[in-house]
Amino acid sequence: MFDITVWVAEGFVALFFLAAGLPKVIGKGIDRWIGFDQVPRRLTIVIGLSEIAGATALVVPLLINELEWTTPLAALGIGVVSLMAAGFHLRNREWLATLETTLWASLAASIAVARWGELATAPSISKDVLVPILLVLVPATITNLVFLTRATTPDKLEGRTAAVN
């Protein structure tokens, strides 16, 4: 039952992100996604490619019984992309879109946890390589959170609302 449930979730997420990523890369049908008129075209293509790669790496390795360790990493990548989108929507006060992207991130994180055992077959990363990566990622994440918090404080949102009215 567990494997079937995880497979269904993986298929659902993979299909959604494949369908979400293709229009961003191709450039057609993108008008159905909120906010991409505010994003540079090259960044939109990068986002679309990452969604397609994540969707592919979510299911293909398990189907072909090769490189299964990439599945939880793909789920984490999809989760990160979704949380970044949630931050974008939160900043623009798009509450429903924020909730939606947060739910996608939660679903992707659940898949990553379910497939975490697949990482046992992964090639190991040297501590000498991992430490500098973490030393860059942690401050970058904190900086991003600070900017996001400042952009969405109630007093700034009220000022923006007053300026619009």
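The values are calculated or read from the model by the stated rules, or taken from the named source; none is laboratory data. Every value quoted in this text rests on a predicted model; they were computed, and no experiment measured them. Here the Cβ positions follow ideal geometry from the backbone for every residue, glycine too, while neighbour counts run over all protein chains shown. Ligands, DNA and RNA are stripped out before the accessible areas are found, and what is left, the full protein with its side chains, is counted by its heavy atoms. Shrake-Rupley method; radii C 1.70, N 1.55, O 1.52, S 1.80 Å.
Here are some notes:
- Computed lengthening from Phe16 to Asn65, 0.36 nm per intervening residue step minus Cα-Cα distance: 15.4 nm
- Heavy atoms of Ile64: accessible area, 1.4 Å probe, square angstrom to 10: 100 Å²
- Solvent-accessible ranking of Trp69, Trp7, largest area first, probe 1.4 Å: Trp7, Trp69
- Size descriptors for segment 1-108, from the alpha-carbon set: Rg then Dmax equal 14.1, 43 Å.
- Projected label points at Asp37 and Phe2, each 7 Å from Cα along the beta carbon direction, are separated by 4.8 nanometres.
- Within-11-Å neighbourhood charge of Ala86 [Cβ basis; K, R +1; D, E -1]: -1
- Per-atom-type breakdown for segment 40-80 gives carbon and sulfur 75% of the accessible area (1.4 Å probe, protein chains only).
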